[in-house]
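Read the structure below first, then the notes.
The values are calculated or read from the model by the stated rules, or taken from the named source; none is laboratory data. Note that the structure is a prediction, hence the values are computed from the model and not measured. All Cβ positions, glycine included, derive from the backbone under ideal geometry; neighbour counts span all protein chains shown. The accessibility values were calculated without ligands, DNA or RNA, using every heavy atom of the protein model including side chains. Shrake-Rupley method; radii C 1.70, N 1.55, O 1.52, S 1.80 Å.
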Amino acid sequence: MTEYEIVATFLNGCAGAAHPQTFFEEAELANTDDYVRTKHGVDFDKFVKEILPNGQIVYTFDNGTVTYIYEFTEL
């Protein structure tokens, strides 16, 4: 298990929201894929996963209305 700081950002273009909703959480996870999968179920396969040079893991999905971004940084 690895401890992560998780930053979840939701951009709602349909509602015309000018500011994204951002949530912070710390969690001990065996697998970051499982965390995102539990939040989005069948849409999980539509997420793009990137591992940045600094080790940060980023998942992004834009369904045309809402963009979901999850950033995992190891603590």
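What the table shows:
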quantity: J(HN,Hα) series, region 63-70, from Karplus relation 6.51 cos²θ - 1.76 cosθ + 1.60, nearest Hz, glycine and proline x; calculated: 8, x, 10, 10, 9, 10, 10, 10
quantity: Size of electric dipole in the chain: Cβ of Lys, Arg +1 and of Asp, Glu -1, about Cα centre, debye, nearest 20; calculated: 360
quantity: Read-out Rg/Rh (Cα atoms, Kirkwood Rh), derived from the coordinates shown; its label in (1) 0.97; (2) 0.92; (3) 1.74; calculated: (1)
quantity: Heavy atoms of Phe24: accessible area, 1.4 Å probe, square angstrom to 10; calculated: 150
quantity: The chain: relative contact order as a whole-number percent, Cα under 8 Å and 6+ apart; calculated: 40
quantity: Heavy-atom accessible area per residue - the chain, 1.4 Å, Å²; calculated: 66
quantity: Solvent-accessible area of Leu75 with every protein chain in place, 1.4 Å probe, in Å² to the nearest 10; calculated: 110
